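Here the structure is laid out as structure tokens; the discussion comes afterwards.
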Amino acid sequence: MTQPQEIDVTKPLEREFSKEKYDQLESFINSLETTKGALIEILHKAQDIFGYLSRDVQLFIARKLGIPGAEVHGVVSFYSYFTTKPSGIHTINICMGTACFVRGADKIAERFKERLGIESNETTGDGLFTIKDVRCIGACGLAPVVMVDDKVYGKVKVEDVDDIINTYRRTGGAVCG
Amino acid sequence: MRVKSLAELNKIKQSAISAVRPRLHRDAPTEEKNILVCGGTGCLANNSDKIIQILTALLKTRGMAGQVKVVRTGCFGFCEQGPIVKIEPDNVFYVRVGLKDVKEIVEEHIMKGKRVDRLLYEDPRIKEKVHTQEEMTFYKKQLRVALRNCGLINPEDIYEYIALGGYEALGKALTQMSRDEVIETIKKSGLRGRGGGGFPTGLKWEITKQQEDEVKFIICNADEGDPGAFMDRSILEGDPHSVIEAMAIGAYAIGADKGIVYIRAEYPLAISRLTTAMEQARELGFLGKEIFGTSFNFDIRLKYGAGAFVCGEETALINSCEGKRGEPNYKPPYPAEEGYWGHPTCVNNVETFANIPVIISRGADWFAAMGTEKSKGTKVFALAGKINNVGLVEVPMGITLREIIFDIGGGIPNGKKFKAVQTGGPSGGVITEKDLDTPIDYDNLLEIGSMMGSGGMIVMDEDDNMVNIAKFYLEFTMDEACGRCVPGRIGTKRLFEMLHKITSGQATMADLDALKQLAYMVKDSSLCGLCQTAPNPIISTMKHFWPEYLAFVKDVDHPRGEGRYVPKNKIGLKS
């Protein structure tokens with residue numbers, strides 16, 4: 001097995017978004033019957049479009065709905081599903097549900113963090129990986145579970161971590177099924 | 001085509017039955033076969049979708065596609081043994097089916113009628129192959145009411161649901177029962193809320209109905225945030241129509257015409273199956289205007305949660321539905337009086353809803369005959385952790401924990417000793433060996449220091465350190481506390497820090513005292529159920545596993561544990 005390369009962690013750059021993306025969000029908001037009570041729905045859509053909720057996107061939504069930016073940010077920061085930082089090409093979700101915990105998910109998480117040199121909710125310098133703790137993905141029969149993008153790896157052992165990382169390194173940006 | 005009467009529904013049912021006949025009538029001689037493949041999240045992660053593809057392709061090339069139908073069902077419950085393939089009407093249950101096994105199943109079983117013995121489940125205790133589902137110890141003691149259709153029908157096909165009597169209860173309620181009769185039936189059945197609180201469902205409906213307001217709402221709480229619980233997810237994935245039908249019945253009873261399903265965004269498969277089911281229900285007229293030819297109108301929309309455990313609490317959930325932070329409100333007023341946008345709102349959990357249609361069709365007495373005196377019916381548990389048969393089980397109330405863990409669950413793996421089981425998720429407590437024979441119901445669990453909760457059941461063996469487990473839960477509640485009240489915001493953080501101090505070997509006896517005091521303080525003074533129950537794992541592990549706490553403490557001044565914590569500001573507290 002090849003040794004994983006060292007990666008230095010630098011803060012990922014804020015990406016600039018094209019006008020098309022903002023237009024897409026705007027037309028979604030315009031298509032709503034009412035914006036009353038729709039903030040969370042709009043944030044879900046925005047995160048779908050942009051990948052994350054940057055300061056600019058939050059302010060755009062606030063202006064569009066005529067509410068203070070602080071109110072938008074208050075909602076964004078309350079919910080763990082919303083993220084204000086760009087994530088890598090592949091997101092490694094490590095299930096931290098109780099079933100996974102008692103079967104050693106914490107050790108798996110440690111190994112991922114050690115190998116990639118980042119903490120939870122951080123992205124590697126090359127922008128390839130983001131690590132996230134998820135609460136429970138409801139596949140407790142496979143505990144401990146790691147989900148990379150949409151692919152679920154069940155009964156993961158600490159030794160498997162390198163293999164999982166390398167699978168995505170080799171294929172680069174392509175999603176491996 | 002819209003169904004306008006029970007007679008029309010029955011006509012559809014008769015023609016739909018042929019598709020599920022091999023599953024229903026095992027004795028009737030037929031050439032047809034159904035191959036049921038589990039399409040729950042667990043099995044899908046193990047390639048069950050590819051199994052379906054290969055099966056379909058193989059059957060086609062061999063010209064058998066006409067007689068043999070491949071059905072992607074919901075969860076069978078026996079997640080540990082996935083992917084599961086069941087062949088009907090032969091009643092053969094194959095487990096851990098790999099891609100390479102598919103060809104053999106088709107060539108041997110389907111073509112030649114020979115069972116593939118090596119794919120059968122082997123009972124680890126008697127070391128023998130078990131041929132049918134009914135003989136497996138995992139299924140023997142189960143009674144499937146809420147899960148009645150999971151693993152039996154294709155959740156994406158409304159006709160399979162109708163073939164098994166789907167939407168008859170809605171038709172019956174709308175055309176033959178008054179609103180009060182529906183509520184009376186649910187009250188008489190003794191059904192209590194399966195989300196954890198155990199509030200009588202019929203009573204909640206009655207209170208909502210009594211409110212004088214023209215606008216009312218019914219909400220399905222599908223925000224399953226409890227780590228280690230996946231029953232709601234499996235019901236939504238395996239039998240979404242039962243939830244839709246139940247919501248319509250509930251809406252009729254309380255007088256609502258709009259419903260909301262508040263569902264976790266992290267459950268994409270459940271969302272997609274529910275969306276499909278809602279479209280089909282609209283097409284056949286079970287949602288929309290003038291349902292069953294009556295003046296009753298009802299429709300449902302989805303609202304996505306965004307990852308906050310506290311949103312399982314009904315007032316927090318309603319705030320989140322309104323697009324706000326999911327912070328709980330003081331009760332009263334209860335949502336039944338003043339909920340979504342200030343209107344009376346009835347919030348029920350997925351599993352509660354799944355019970356409703358059968359209660360209406362089969363009657364309150366049938367349901368009330370199951371269970372214990374104060375807790376009727378069955379309960380679904382998600383069995384996980386250090387246990388042989390991880391999975392979803394549904395048992396009558398009143399069964400003992402020992403039966404669940406050792407008979408259904410198959411005991412502890414690797415010859416280890418049972419240590420404790422945590423029920424009720426982070427808000428519950430641990431139950432030890434001495435309470436294993438207590439019959440499970442809402443009240444008994446509270447009495448032994450735990451609770452029903454949504455039904456997560458995590459088994460721990462002798463290797464698990466209980467202080468670490470308590471710390472794990474506290475980290476969870478600390479993260480998930482909404483921050484609105486001080487005990488919840490700061491208290492849980494301090495509790496976590498104290499536990500961290502203990503597990504890192506820095507603590508003294510006075511710290512243990514302080515931990516206990518603060519645990520009770522947070523319990524007594526928090527705003528909502530989340531933080532009122534957050535210290536439960538500490539309190540119950542301290543009660544049952546005190547020596548494990550002591551083992552972390554090396555207090556030279558108080559070697560026998562007499563160091564008392566003296567609070568700086570004295571507040572009247574239990575200690």
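No value in this document is a laboratory result; all are computed from the given coordinates. Note that the structure is predicted; figures quoted are calculated from it, not measured. Note that we place each Cβ from the backbone using ideal geometry, even for glycine, and neighbour counts take in every protein chain shown.
Structure notes:
- Beta bridges by DSSP in the range B:31-139, antiparallel share as percent, to the nearest 5: 65
- Partner chain coverage, peptide A:150-162 - average Cβ within 10 angstrom: 1
- Applying the Karplus relation 6.51 cos²θ - 1.76 cosθ + 1.60 with θ = phi - 60° to the range B:320-332 yields 3J(HN,Hα) values of 5, 4, 7, x, 9, 4, x, 9, x, 10, 5, 10, x Hz, where x marks Gly and Pro.
- Relative contact order, percent, the range B:420-554 [alpha-carbon distance under 8 Å, six or more residues apart]: 29
- Length released on extending from B:ASP557 to B:THR132, taking residue separation times 0.36 nm less the Cα-Cα span: 146.7 nm
- Ellipticity at 222 nm from helices only: DSSP H runs of n ≥ 4 in the protein assembly as shown, each -39500 (n - 2.57), divided by the residue count, give -11500 deg cm²/dmol.
- Relative contact order (percent, whole number), the range B:378-461, Cα cutoff 8 Å, 6+ residue spacing: 37
- Remark: relative contact order (chain A) = 23 percent; criterion is Cα-Cα distance under 8 angstrom and separation of 6 or more residues.
- Extending 7 Å from Cα along the Cβ direction at B:ASP524 and again at B:GLU497 yields two label points whose distance is 2.2 nm.
- Shielding score for A:99-109, defined as the mean number of other chain Cβ atoms within 10 Å: 5
- Distance from the Cα centroid of the range B:487-527 to that of the range A:98-118 is 26 Å (rounded to whole angstrom).
- The range B:218-239 versus the range B:113-181: alpha-carbon centroid distance in Å: 18
- Residue pairs, from the table B:LYS376/B:LYS543; A:LYS113/B:LYS493; B:LYS417/B:LYS523; B:LYS434/B:LYS543, whose Cα atoms sit over 20 Å apart: B:LYS376/B:LYS543; A:LYS113/B:LYS493; B:LYS417/B:LYS523
- Most to least packed among B:192-204, B:51-63 [average Cβ atoms within 10 Å]: B:192-204, B:51-63
- Spin-label model distance (nm) - B:LYS141 vs B:ALA7, 7 Å beyond Cα toward Cβ: 4.9
- Sequentially through the range B:451-466, phi angles give Karplus couplings (6.51, -1.76, 1.60; θ = phi - 60°) of 7, 5, x, 7, x, x, 9, 10, 9, 10, 10, 4, 6, 7, 8, 6 Hz, Gly and Pro residues having no value and appearing as x.
- Annotation for B:SER504 and A:GLU114: the two label points, set 7 Å from Cα along the Cα-Cβ direction, are 1.9 nm apart.
- For the range B:513-528, 3J(HN,Hα) per residue [Karplus equation, 6.51 cos²θ - 1.76 cosθ + 1.60, θ = phi - 60°, Hz, x = Gly/Pro]: 4, 5, 4, 5, 4, 5, 4, 5, 5, 5, 4, 7, 10, 6, 6, 10
- Relative packing of B:96-103, B:261-268, B:68-75, A:44-51, which averages over residues the other C-beta atoms within 10 Å, highest first: B:68-75, B:261-268, A:44-51, B:96-103
- Isolated cysteines of chain B, defined as having no other cysteine beta carbon under 4.7 Å away, are B:CYS75, B:CYS79, B:CYS150, B:CYS220, B:CYS311, B:CYS321, B:CYS346, B:CYS482, B:CYS485, B:CYS528, B:CYS531.
- Between amide H atoms placed 1.01 Å from N, distances below 5 Å from B:LYS379 occur with B:VAL395, B:MET397, all of them 5 or more places distant or on a separate chain.
- As a ratio to 2.2 N^0.38 Å, the alpha-carbon radius of gyration computed for the protein assembly as shown takes the value 0.96.
- Spatially, the range B:27-100 and the range B:333-387 are offset by 31 Å when compared through their Cα centroids.
- Note on chain A: Rg/Rh from Cα positions, Kirkwood definition for Rh, rounded to two decimals, is 1.02.
- For B:ASN329, residues with placed amide H under 5 Å, excluding near neighbours: B:THR315, B:ALA316
- Nonlocal amide H pairs with B:GLY456, under 5 Å, H built at 1.01 Å: B:ALA382, B:GLY424, B:GLY425
- Percent of beta bridges antiparallel (DSSP, the protein assembly as shown, rounded to nearest 5): 55
- Neighbouring partner chain Cβ atoms per residue of B:316-326, average, 10 Å criterion: 4
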